[in-house]
Amino acid sequence: MPSSPIEQMDSSEQKDEKKELRRQLLALRETFPQKRRAVLDKELCRRMAAHPFFRDAEILLLYFPTRGEPNLLPLAKLALEQEKQLAFPVCHTNDVTMTFHTVSDLRELIPGHYGIHEPSLSAPQPTARENTLCILPGLAFDQKGYRLGYGKGYYDRFLTHFPGRKVGLLYHAFLSKRLPTEPTDQAVQLMITEKGEFMPNESFS
């Protein structure tokens, strides 16, 4: 498998460096064969479903996969089977904010902003609690739990007042010792890859 470009980048916070890192990571993600992705996605879902964060959650905040992101929709189906509240984000481009709205069936999701499937704005918004689980998308996560997103800042704004648990599920190749960060970046409490579980500040093997 190709080596990750993450370790080739320094910790500069300049926008052009982040832009180049995003480009390299997207290119790396596209090199993963579909069959390999399916195996990795299944293992990510298995590990997350077995974790207390998922078992204890009454509300699951999930995202619809795009641009080669791991397909975590089996977790959505499992959440519905277990009668958890399931919600997906809606991006508001006018003020660059995001709200989550519940669905009872994945067929309720339709293409929205950026071509990503979203729920209806008229659907209820769940009230997040301490055991609410939010699974975050990201191009990469680092040893401190920080993520590199797509640069819009939707999740960082949302997480500022989010009281629940934040988790990143990703392929192991996209773990980094250090990513360029900004003061507004929000770290996750747990990262899960096909190789195991990692808390912030744990060493990656």
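The values are calculated or read from the model by the stated rules, or taken from the named source; none is laboratory data. Please read these numbers as outputs of a predicted model, since none were measured by experiment. Cβ: placed from backbone, ideal geometry, glycine included. Neighbour counts: every protein chain shown.
Observations, loosely collected:
- Any strands (runs of 3 or more DSSP E) falling wholly within the stretch 67-141 and containing at least 1 residues that are farther than 28 Å from Phe174 by Cβ and not basic (Lys, Arg): 85-92, 97-103
- So Val103, is it of a type in the set (A, V, I, L, M, F, W, C), more than 17 Å from the chain's Cα centre (by Cα), crowded, with 19+ Cβ neighbours inside 10 Å and under 22 Å from Pro70 (Cβ atoms): yes
- Inter-residue pairs, beta-carbon under 6 Å, first over 16 Å from Gly112 (Cβ atoms) and in the stretch 59-70, second of a type in the set (Val, Ile, Thr) and buried (at least 20 other Cβ atoms within 10 Å of the Cβ), 6+ apart: Ile59/Thr132
- When the residues of the stretch 31-63 are filtered to those that are over 20 Å from His172 (Cβ atoms) and either in contact with a Leu (Cβ under 6 Å, 6 or more places away or on another chain) or of a type in the set (Val, Ile, Thr) (or both), the one that is surrounded by the most Cβ atoms within 10 Å (Cβ to Cβ) is Leu60.
- In the stretch 177-194 there is at least one residue that is of a type in the set (Asp, Glu), within 15 Å of the chain's Cα centre (by Cα) and under 18 Å from Lys15 (Cβ atoms).
- The listed residue being over 21 Å from Glu58 (Cα atoms), at pLDDT 95 or above and assigned to a loop (DSSP other than H, G, I, E, B), out of Gly151, Gly145: Gly145
- Close pairs from the stretch 110-122: first under 15 Å from Thr93 (Cα atoms) and touching a residue at least 24 places away in the same chain (Cβ under 8 Å), partner charged (D, E, K, R) and surrounded by 13 or more Cβ atoms within 10 Å (Cβ to Cβ), Cβ under 9 Å, at least 6 apart: Tyr114/Lys152
- When residues in the stretch 102-116 are screened for being touching a strand residue (DSSP E or B) at 6+ places or on another chain (Cβ under 6 Å) and under 19 Å from Gly153 (Cα atoms), 2 of them pass.
- In the stretch 19-62, the qualifying residues are those that are outside any helix (DSSP H, G or I) and β-branched (Val, Ile, Thr), and the one that is farthest from Ile192 (Cα to Cα) is Thr31.
- Being surrounded by 20 or more Cβ atoms within 10 Å (Cβ to Cβ) and in contact with a strand residue (DSSP E or B) (Cβ under 9 Å, 6 or more places away or on another chain) is a property that does not hold for Ala123.
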